[in-house]
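In what follows, a single structure is set out as structure tokens and then discussed.
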Amino acid sequence: MTTDRKTLLAPVLLAGLLLGTAACSSSGAADAPSGGGALSFGKLKSAVQVLGPDASCPFGLDLAGALKAVGIERGVTPAVGTGGRPVRAEVVPGEEARAVPSGVTPSPAVASLPARPESVQVWCSYTAGTTPLEIAVLAAPAEGIALNLALPYLQQAGDLTGDQLVAVSGGQPAPGQTGTTPGRGSVGIARVAVADKGDLTLLVSQGTKAAVPDAALTGEPLRALAGKLAAQLHV
């Protein structure tokens, strides 16, 4: 992740946002909570744990079909993403609450770094025509925090100010609904209902290096694309 256009929020503030209560405002309805049967954190975790290093995106996504459904016809191919692979998937261990690192002055609202639950994160990279597209699926067994796991990414890919990032965290879509980041709408967001207690968010963007993004894949088309992809999700 690059930091050439925006200075990331201080780690202490990010930690405070991570487990903050999310508002349930919405920016549009996704096509369906999920596409291939009920999703759950446990099912997603099991799917990620068996992926090999050369695996394809594990969610059965038809990106070309989803693009066509929102009025964009592009050829789609897997692309090399972060780490030199088309797919980067991991089960991220949880962390217990811990003291603020020495040398960092905490805000009054964040006296220590809060505990963070285990999570599943999958990043699938594609090229649509000549435009890079990155699809992320993030899930956690606790409600309302999957989107917050990607706050540094959202700030860079969305070209967001600190205030805008706080607004995204507090006003994320409700499960089954979609939205975009503020400004030029560089990240499409779909919050997906899960079968058990937990939280799942799908993100789609042109990544963190699109200094001049393809305008056809921002704003409303990107929001609609996030909803179409969310409707296809299955493992």
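The values are calculated or read from the model by the stated rules, or taken from the named source; none is laboratory data. All figures in this text were calculated on a predicted structure; none of them were measured in a lab. Cβ: placed from backbone, ideal geometry, glycine included. Neighbour counts: every protein chain shown. Each accessible area value is taken on the protein alone, full model and side chains, heavy atoms only, with ligands, DNA and RNA left out. Shrake-Rupley method; radii C 1.70, N 1.55, O 1.52, S 1.80 Å.
Things worth noting here:
- In region 63-75, the residues that are assigned to a loop (DSSP other than H, G, I, E, B) and surrounded by 16 or more Cβ atoms within 10 Å (Cβ to Cβ): Val70, Ile72, Arg74
- The set of residues in region 209-226 that are buried (at least 24 other Cβ atoms within 10 Å of the Cβ) and either over 15 Å from the mean Cα position of the chain (by Cα) or within 26 Å of Pro117 (Cα to Cα) (or both) comprises Leu217, Ala226.
- Residue satisfying all of: in region 180-219; outside any loop (DSSP other than H, G, I, E, B) and of a type in the set (D, E, K, R); nearest to Gly144 (Cα to Cα) among these: Asp199
- Given (1) surrounded by 24 or more Cβ atoms within 10 Å (Cβ to Cβ); (2) farther than 20 Å from Pro78 by Cβ, index of the condition Val137 fails: (2)
- Test for Gly188: is it free of Cβ contacts under 8 Å to residues at least 60 places away in the same chain and touching a strand residue (DSSP E or B) at 6+ places or on another chain (Cβ under 6 Å): yes
- Under the condition of being open to solvent by 40 Å² or more (accessible area, probe 1.4 Å) and farther than 25 Å from Asp196 by Cβ, the residues counted in region 153-184 number 10.
- Here is the figure for region 33-45: residues that are at pLDDT 55 or above and either open to solvent by less than 40 Å² (accessible area, probe 1.4 Å) or closer than 16 Å to Leu138 by Cβ (or both) total 7.
- The set of residues in region 208-235 that are β-branched (Val, Ile, Thr) and either closer than 26 Å to Ala55 by Cα or in contact with a Phe, Trp or Tyr (Cβ under 8 Å, 6 or more places away or on another chain) (or both) comprises Thr208, Val235.
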